[in-house]
Amino acid sequence: MTGDEAGTAGAADTAGPGYDAIVLAGGAAARLDGADKPGVTIGGRALLDRVLTACRGAGRTVVVGARRATIRPVRWVRETPPGGGPLAALDAGVRETCAETVLVLAADLPFTGDTTVRRLVEALARSGREAALLTDGDGRDQPLVAAYRTEPLRRELALIATEYGHLSGLPLRLLTHELELERVAAGPLDSFDCDTWEDIAAARARIREHGHVLDEWINAVKAELGIEIDVDTGVLLDLARDAAHGVARPAAPLTTFLVGYAAAKSAGPDAEAVAAAARKAAALAERWATETGGADGPDGAGEKGKAGN
């Protein structure tokens, strides 16, 4: 989808009952030698798209920055003047929101996920305060990983603009010092941002670590294919193992493909439809293995030989 198409999308960009989101995707990226930071890829996905995935539950998503292709529909605005800093960007973004709560995220947060978003929005609702901010491991507030009540946010931005005559280049602390804050402790990587090429290299290395690579790959594939369904990957991996051992190695990817196809054809495909199809295929693989003695038995070895030819 092109940036223009995303900017004019209709139903998917209608304000919902929960929260709206503002994603700040401007800035000069001076420490990246002026590179297009929101478009830099981590795990094959642009930084901006990773953040947009995290806030996909928003009723309306406003991106403050230059138009570009995005993974889902958004509303585009620019701060005045362009490059005027975070307060000017927030002011431009909040003018386009409708919900009583706005989630604010910077566009360079590769590991901020929907769990973090949910924690912030729930903390704001539970506390009754005017903003819920992440605080990092050193106790520093992260006002660009936060949920705000819309009216107090608008009020304080207007007061700052009146006092200084503008918002351009002013620090975020002018805003947060005037709001009643709820602080939410960040997870290890919730507030990790990519300001330098070293940060980007560290993020790319992290997602390829053994404990993370599979989830990162599955999330990347789902995003690329426009699939939002959450499935139990353990069930599918067990099925692939059973098909490989009980039938033949090439049966593993083909079986999981057919399970996905069957789930998609079912009425209202969801995670349970995938699980149900996987259970049926696993039972079939077990019956097959029982009859043949498994892929490591005499018949199974024959199947392996045929597959290898």
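A few points about this structure:
- Helices (runs of 4 or more DSSP H) (entirely within the range 165-250) containing at least 1 residues that are among the polar types (S, T, N, Q) and in contact with a Ser or Thr (Cβ under 8 Å, 6 or more places away or on another chain): 213-225
Let's see how each residue does on (1) at pLDDT 90 or above; (2) small (Gly, Ala, Ser):
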position	(1), (2)
Ala158	yes, yes
Tyr164	yes, no
Leu175	yes, no
Arg183	yes, no
Pro188	no, no
Ile200	yes, no
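- Taking the criterion of being buried (at least 19 other Cβ atoms within 10 Å of the Cβ) and not small (Gly, Ala, Ser), the residues of the range 101-118 that qualify are Thr101, Val102, Leu103, Val104, Leu105, Asp108, Leu109, Pro110, Phe111, Thr112, Thr116, Val117.
- When the strands (runs of 3 or more DSSP E) confined to the range 67-144 are screened for residues that are within 25 Å of Ile42 (Cβ to Cβ), modelled with pLDDT of 95 or more and hydrophobic (A, V, I, L, M, F, W, C), those reaching at least 3 such residues are found at 101-106.
Residue-wise test of (1) crowded, with 17+ Cβ neighbours inside 10 Å; (2) in contact (Cβ under 8 Å) with a residue 24 or more places away in the chain; (3) closer than 21 Å to Asp91 by Cα.
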residue: Ala147; (1), (2), (3): yes, yes, yes
residue: Glu163; (1), (2), (3): no, no, yes
residue: Arg183; (1), (2), (3): yes, yes, no
residue: Phe192; (1), (2), (3): yes, yes, no
residue: Ile207; (1), (2), (3): yes, yes, no
residue: Leu214; (1), (2), (3): no, no, no
residue: Ile229; (1), (2), (3): no, yes, no
residue: Gly234; (1), (2), (3): no, no, no
residue: Leu237; (1), (2), (3): no, no, no
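This table checks each residue for (1) small (Gly, Ala, Ser); (2) closer than 30 Å to Glu122 by Cα; (3) out of contact with any Gly (no Cβ under 6 Å at 6 or more places or on another chain).
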| position | (1), (2), (3) |
| --- | --- |
| Gly187 | yes, yes, yes |
| Ser191 | yes, yes, yes |
| Ala201 | yes, no, yes |
| Arg241 | no, no, yes |
| Pro253 | no, no, yes |
| Ala264 | yes, no, yes |
| Lys280 | no, no, yes |
| Ala283 | yes, no, yes |
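- Pairing each residue of the range 247-276 that is within 22 Å of Glu291 (Cβ to Cβ) with any residue that is modelled with pLDDT under 85 and in a helix (DSSP H, G or I), provided the two are 6+ apart or on different chains, yields C-beta distances under 6 Å for Val247/Trp288; Ala248/Glu303; Ala248/Lys304; Ala248/Ala307; Pro250/Ala307.
- Which numbered condition His177 misses (of (1) open to solvent by 60 Å² or more (accessible area, probe 1.4 Å); (2) in contact (Cβ under 8 Å) with a residue 40 or more places away in the chain; (3) of a type outside the set (Gly, Ala, Ser); (4) closer than 21 Å to Leu134 by Cβ): (2)
- Condition check for Arg155: basic (Lys, Arg) and loosely packed, with under 13 Cβ neighbours inside 10 Å: no
The values are calculated or read from the model by the stated rules, or taken from the named source; none is laboratory data. The model shown is predicted, which means the values in this text are computed figures rather than measured ones. Methodologically, a virtual Cβ is constructed for each residue, glycine included, from the backbone with ideal geometry; neighbour enumeration extends over all protein chains shown. Note: areas computed on protein heavy atoms with side chains; ligands, DNA, RNA excluded. Shrake-Rupley method; radii C 1.70, N 1.55, O 1.52, S 1.80 Å.
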